[in-house]
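Taken together, the values in this text are just the output of simple stated rules run on the coordinates, not laboratory data. Every value quoted in this text rests on a predicted model; they were computed, and no experiment measured them. So basically every Cβ, Gly included, is an ideal-geometry build from the backbone, and we count neighbours across all protein chains shown.
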Amino acid sequence: MDKLDLNKIESPADIRKMDTAELKEVADGLRRTLIEKLSSHGGHCGPNLGMVEAIIALHYVFDTPKDKIVFDVSHQTYPHKMITGRIRAFTDPKHYDDVTGYTSPSESEYDLFSLGHTSSAIALASGLAKARDLTGGKENVVAVIGDGSLSGGVAFEGLDYGATLGTNFIVVVNDNDMSIAENHGGIYENLRLLRNTNGTAGENLFRTFGYDYIYVQYGNDIESLISAFRSVKNSDHPVVVHINTMKGMGLPVAESHKEQFHYTAPFDPATGAPLSGTPAGVDTDTYADIFAKDFLEKIKDNPGLVAITAGTPGVIGFGPDRRAEAGKQFVDVGIAEQQAVAMASGLAKGGATPVVGLASTFLQRAFDQFSQDIALNHQPATFLVFYGSMFGMNDETHLGFFDLSLLSNIPDLLVLTPSCKEEFVAMLHWSENQRKTPAVIRIPGGNVLTNPDINIPEDYSEAGYETVRAGSRVALIGVGGFLPIVTQAADILASAGVDATVINPRQVSHLDKSTLDSLLGYDVIITAEDGILDGGYGQKVASYFGNASVKVINLGLPKEFLNRYNAGELQRRCGMTPEQIAATALGNIRK
């Protein structure tokens with residue numbers, strides 16, 4: 001190349017014409033471009049910077065898109081997108097949002113699946129390989145997995161089955177000695193042993209499964225990677241290529257602070273400091289911080305209190321310092337939500353007090369454990385669900401608003417929905433100190449709200465709904481974070497001469513029939529919830545009233561895989577702004 005112009009790379013065919021010196025120039029260019037975009041736009045930083053050379057080498061050696069590559073999680077695929085026809089989404093700020101942060105078949109034939117959750121690439125690739133063998137294909141099938149994903153159960157299942165294929169099946173293990181935070185679990189001890197022995201250790205997890213095995217000590221060296229990938233291309237048996245990479249490669253602050261720079265908002269690339277700060281005097285505590293501080297205070301007098309996370313300690317407010325302070329009373333099981341939930345059942349059975357913190361989008365992986373190990377066995381564990389909201393993550397792979405329907409329909413599982421900080425803390429303390437029932441506390445979305453006047457019952461398992469404001473003819477029931485919103489709607493109605501009843505249900509797992517019966521003479525009841533309507537709380541209320549004369553209107557979200565939506569626009573689309581709720585109520589008052 002006379003002069004590197006990344007915009008001229010339209011497909012992997014363009015880099016296959018290059019020599020290794022030119023490929024290294026491309027790697028440098030991609031990395032500089034990534035740092036420029038990530039520092040001004042945000043995104044997954046460390047995983048992508050660490051995989052630049054490996055992705056170049058993969059596309060250089062394999063005949064993509066004929067050869068199939070499945071990227072696990074796919075948060076390391078920015079370089080992949082850059083050399084598969086989407087470079088302007090990284091070089092031109094006007095096009096930064098043209099692509100998602102994950103693989104997406106709607107964008108390119110090089111993206112085989114929409115993937116944002118972890119551990120499934122090997123299983124998906126095993127299906128592609130089996131389909132190829134059944135239909136007489138000859139293409140290579142490659143699964144790329146890393147960043148702690150091997151600890152997920154389906155990764156073990158994929159490895160187990162993939163070894164039996166007996167044909168071409170290539171697993172690339174990107175080993176950077178990290179998940180989002182540090183890795184946890186016995187599997188990573190073996191990876192460390194393999195790294196320390198240059199892949200020669202007799203104890204080899206992958207050989208135990210039945211794979212051939214190749215180790216690449218310098219996983220950010222293009223020539224070493226090309227050599228390794230060429231040696232396994234067109235292999236007639238399953239093989240693992242274990243590459244040792246540097247997470248955050250090429251950005252000193254990301255290399256030094258790998259956990260912080262797994263995913264980041266815009267930052268100063270020289271110092272790592274965020275570009276936007278919080279004004280002085282503003283309380284920066286999140287619900288996660290509130291929990292973490294409360295937990296660390298209580299463990300001083302409660303040796304059986306245990307906080308559990310599944311590879312996402314930041315979600316529950318536990319950075320390195322807090323993890324160190326908690327010591328053995330903080331448990332990170334790695335990316336293994338099923339283990340976290342089932343372990344909590346065992347802890348509760350053994351007399352401990354487990355509190356499990358999960359991101360809403362990931363808890364669905366442990367649905368069976370919630371149902372069987374927790375609810376069916378009546379184990380009094382506490383579960384905190386973060387980012388369960390339309391106001392949280394908005395990628396189609398990371399939606400957090402399906403959890404209420406999933407969990408509230410499990411028998412004997414109490415699903416609490418606090419509306420503010422005070423209610424959250426009260427529910428947390430009650431749950432940690434009771435032995436009657438498993439409880440899920442679904443953290444409100446958006447900013448932390450405070451309401452010192454909230455009514456706190458002695459026992460949330462027996463408490464009915466709270467009537468926040470008494471009125472007539474119109475009842476507004478706001479679930480969790482929507483209680484303040486329907487209260488604002490009630491204020492609008494009051495200015496129009498209508499006194500609405502406002503109700504805080506506190507939980508969505510059972511109905512307070514006594515309170516609902518008191519509304520039978522009303523004109524309209526409106527429920528508003530931060531979750532999908534199908535199977536949600538509002539439908540339960542509507543079903544209860546059946547053929548009663550009162551009209552029940554349910555407001556909530558559509559059962560759709562929404563992608564990169566604007567939360568405010570979605571709220572308006574669903575008729576859930578205070579003004580819209582008030583207008584709906586006024587339009588349904590009987591004349």
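In the structure shown, do any of K68/K559; K540/K591; K130/K233 have a Cα-Cα gap over 22 Å, and if so which?
Check vs 22 Å cut-off fails for K68/K559; K540/K591.
Classify segment 466-586 from the C-alpha gyration tensor, please: rounded if a/c falls under 1.5, else prolate or oblate depending on whether a/b exceeds b/c. Show your work: numbers first, answer last.
Working: a/c = 1.80, a/b = 1.23, b/c = 1.46.
Oblate, because a/c is 1.5 or more while a/b does not exceed b/c.
Cα convex hull of segment 187-332: how many Å³ per residue?
On the way: hull volume 24.5 nm³, N = 146.
About 168 Å³ per residue, rounded to a whole number.
Of S495, S419, S114, S231, how do they rank once you tally other Cβ atoms within 10 Å and put the fewest first?
S495, S231, S114, S419
Quote to one decimal, in nm, the extra length available between S461 and T271 on full extension: 0.36 nm per residue of separation minus the C-alpha distance between them.
Working: separation 190, 0.36 × 190 = 68.40 nm, distance 4.92 nm.
Extending this stretch completely gives an extra 63.5 nm.
To the nearest 500 deg cm²/dmol, what mean residue ellipticity at 222 nm is calculated for the chain from DSSP H runs of n ≥ 4 alone, each contributing -39,500 (n - 2.57), summed and divided by the residues?
So the helix-based figure for the chain works out to -9500 deg cm²/dmol.
Shape of the chain from its Cα gyration tensor (a ≥ b ≥ c, root eigenvalues): rounded if a/c is under 1.5, otherwise prolate when a/b > b/c, or oblate?
Prolate shape, in that a/c is at least 1.5 and a/b is the bigger ratio.
Scanning the chain for GluC sites (Glu not before Pro) in DSSP loops with at most 12 other Cβ atoms within 10 Å, what's the longest stretch left with none? Don't skip to the end; give the middle numbers.
Values: sites that count: E10, E109, E203, E458, E462, E560.
Result for the longest clean stretch: 204-457.
Give me Y387, Y263 sorted ascending by neighbouring Cβ count inside 10 Å, so fewest comes first.
Details: Y387 23, Y263 16.
Fewest-to-most ranking of Y387, Y263: Y263, Y387.
Using the Karplus curve 6.51 cos²θ - 1.76 cosθ + 1.60 with θ = phi - 60°, work out ³J(HN,Hα) for each residue of segment 389-403 in order, rounded to whole Hz, and write x for Gly and Pro.
For segment 389-403, the Karplus-derived couplings read 5, 6, 9, x, 5, 10, 6, 4, 8, 10, 5, x, 10, 9, 5 Hz, x marking Gly and Pro.
Separation between the I187 and F561 pseudo-spin-labels, each 7 Å from Cα along Cα→Cβ, expressed in nm?
2.3
By counting other Cβ atoms within 10 Å of each Cβ, how are C420, C45 ranked from fewest to most?
Sorted ascending by nearby Cβ count, the order is C420, C45.
Once you have a ≥ b ≥ c as the square roots of the Cα gyration tensor eigenvalues for segment 380-505, tell me rounded if a/c is under 1.5, and otherwise prolate or oblate according to whether a/b is larger than b/c.
In terms of gyration-tensor shape, oblate.
Can you give the Rg and Dmax of segment 6-264 based on its C-alpha atoms, in angstrom?
Gyration radius and largest Cα-Cα distance of segment 6-264: 17.0, 52 Å.
Between segment 467-521 and segment 395-444, what is the C-alpha centre distance in whole Å?
That distance is 20 Å.
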